[in-house]
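Accompanying notes for the structure given below.
The values are calculated or read from the model by the stated rules, or taken from the named source; none is laboratory data. On a predicted model such as this, the values are computed, not experimentally measured, just so you know. With ideal geometry, Cβ positions are generated from the backbone for all residues, glycine too; neighbour counts draw on all protein chains shown.
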Amino acid sequence: MDYLKIAEKFSETVWKHKDVLKLEDIMLYGSVLNKNKIPNDVDLMLIHNNNLAFEKMENLMDKDSFKNNLEIYSLFSKILNKYGFKTEDLSKVPELKIAMEKSILNVHFLDRVFFYDDKYKNKKIQVLKDPNFYNNIFSSPFKLWDGSKFSDFINEKYTSLLFVDIRATK
């Protein structure tokens with residue numbers, strides 16, 4: 001299974017609705033980007049400016065009550081449709097359905113407010129099992145979806161906005 005193609009197919013499918021969903025970026029990070037011979041999963045981050053739709057999804061995912069990714073992304077599609085965002089059911093895309101059934105598609109949602117609101121940032125960090133999660137992501141290489149592929153770019157787009165003082169979250 002080509003994990004990079006899964007990341008591209010997911011991004012292509014979701015990016016079609018970027019304006020309605022208020023997506024700013026889709027970021028690829030982790031083992032696929034690092035070209036591990038056997039990646040663990042496909043790590044993606046949807047950076048958005050649409051807390052109305054995505055907050056409910058984030059809260060549900062934090063509970064870890066899903067059997068597999070297929071349940072998560074079917075619910076994701078339903079939530080977005082409920083808020084009037086007409087997205088196709090991601091599970092109808094064959095490559096994505098297989099990836100979801102095997103629980104290898106790992107998508108996180110992050111409101112852009114994270115980069116300039118310390119109260120929100122600290123709240124997000126406190127609910128994580130790993131308080132260094134965001135620091136690890138943004139201090140490692142990552143690529144952003146440009147509408148047709150994941151592209152190299154100057155990492156400062158987000159890293160210049162990010163300084164998480166872990167001491168402030170304790």
Can you report the number of residues in region 1-48 which are over 17 Å from Met100 (Cβ atoms), of a type in the set (D, E, K, R) and over 11 Å from the mean Cα position of the chain (by Cα)? 7
Of the numbered conditions (1) loosely packed, with under 15 Cβ neighbours inside 10 Å; (2) under 16 Å from Met45 (Cβ atoms); (3) at pLDDT 85 or above, Lys119 fails exactly one; give the number of that condition. (2)
Of all residues in region 128-155 being touching a helix residue (DSSP H, G or I) at 6+ places or on another chain (Cβ under 6 Å) and modelled with pLDDT under 85, which is farthest from Lys9 (Cα to Cα)? Pro131
Meets criteria (modelled with pLDDT of 85 or more, over 18 Å from the mean Cα position of the chain (by Cα) and β-branched (Val, Ile, Thr)) for Ile98: yes
If you check Ile72, Ile166, which single one turns out to be under 18 Å from Ser11 (Cα atoms), at pLDDT below 85 and out of contact with any helix residue (DSSP H, G or I) (no Cβ under 6 Å at 6 or more places or on another chain)? Ile72
